[in-house]
Amino acid sequence: MPKHSFKYSKEFLSELKAKIRNAFFDLEPERFGQEPKYTSALLGRLHGIEVHSKYGEYAKIEATDIDDRGKNSAEYRYGADFAITATVGDSTQRVRKAILVQVKNQPIDTLIPSALTGLKDQIRKMKKVVFSPKVAGIRRNTGSAMLEVSSGNKVLHGEKYSKSDFPEYFNQRVITTLDGTTDKNIVDSLQESHLRKLDVLINKG
């Protein structure tokens, strides 16, 4: 039995999903053609989303846009574009957890072999930090775009994987018991974009 197991009302889940989906609204592909630009714009909208109910249900999102400049950038060292920290819970307990995500500027299943090889290298780096890293492809539609989240482990091992739009993924996997590290040291170290605290933690072994 997991250490935490939360059940949420339909109303709470609906409100949370709507707020997350709204963060994607009107981020027109032509305004944010490059992946880092789009990711930064999206994270600015996701950061600070907070939902709570009269029954004690609670969720809050904190986003960390990981540094990607320079040959020894945080992204180069750990393979991730961003971290999402979620504080979730009910009337009796709250848990803070984090996920690491690498984003590509197109659906993951459309990557050419060389790009897929590079992605797998990034997944291996993320696995130094978390057991279950995530990958996301940007699906671009007219007037909007969406992150499709998949299992980094399945991509790494060449296994069949599913794709979930980020709002659905967050509700189904993050605020439940399924995805996200709850290791306090790891979570705390993912709150700064340069990840220097993570360097110290990883180097200590």
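The values are calculated or read from the model by the stated rules, or taken from the named source; none is laboratory data. These numbers come from a predicted model, not from an experiment. Note that each Cβ is placed from the backbone with ideal geometry, even for glycine, and that neighbours are counted across all protein chains shown.
For Val155, are the conditions met, namely being out of contact with any His (no Cβ under 6 Å at 6 or more places or on another chain), crowded, with 21+ Cβ neighbours inside 10 Å and either over 25 Å from Asp188 (Cα atoms) or without any contact (Cβ under 8 Å) to a residue 24 or more places away in the chain (or both)? Yes; evaluated as a whole, the condition is true for this residue. Screening the candidates Arg45, Arg69, Arg31 for the property of being farther than 16 Å from Arg173 by Cβ and within 16 Å of the chain's Cα centre (by Cα) yields one hit, Arg45. Among the residues of segment 18-39, those identified as assigned to a helix (DSSP H, G or I) and within 13 Å of Ile138 (Cα to Cα) are Phe24, Glu35, Pro36, Lys37, Tyr38, Thr39.
Take the conditions (1) buried (at least 16 other Cβ atoms within 10 Å of the Cβ); (2) modelled with pLDDT under 95; (3) not β-branched (Val, Ile, Thr); Ala98 misses just one of them, which is (2).
The C-beta contact set for segment 158-183 (first residue in contact (Cβ under 8 Å) with a residue 60 or more places away in the chain, second residue surrounded by fewer than 17 Cβ atoms within 10 Å (Cβ to Cβ) and of a type in the set (Gly, Ala, Ser), distance under 6 angstrom, 6+ apart or interchain) comprises Thr177/Ser5. Quick one: in segment 70-95, which of the residues that are touching a Leu at 6+ places or on another chain (Cβ under 8 Å) and either β-branched (Val, Ile, Thr) or part of a helix (DSSP H, G or I) (or both) is surrounded by the fewest Cβ atoms within 10 Å (Cβ to Cβ)? Selected residue: Arg77. Within segment 55-69, being outside any strand (DSSP E or B) and either of a type in the set (A, V, I, L, M, F, W, C) or over 16 Å from Arg94 (Cβ atoms) (or both) holds for Ile66, Asp67, Asp68, Arg69. Among the candidates Glu75, Glu50, the residue that is among the acidic types (Asp, Glu) and under 30 Å from Ser5 (Cβ atoms) is uniquely Glu50. Lys97 falls short on exactly one of the conditions (1) of a type in the set (Lys, Arg); (2) under 22 Å from Leu195 (Cα atoms); (3) free of Cβ contacts under 8 Å to residues at least 40 places away in the same chain; (4) touching a strand residue (DSSP E or B) at 6+ places or on another chain (Cβ under 8 Å), and that condition is (3).
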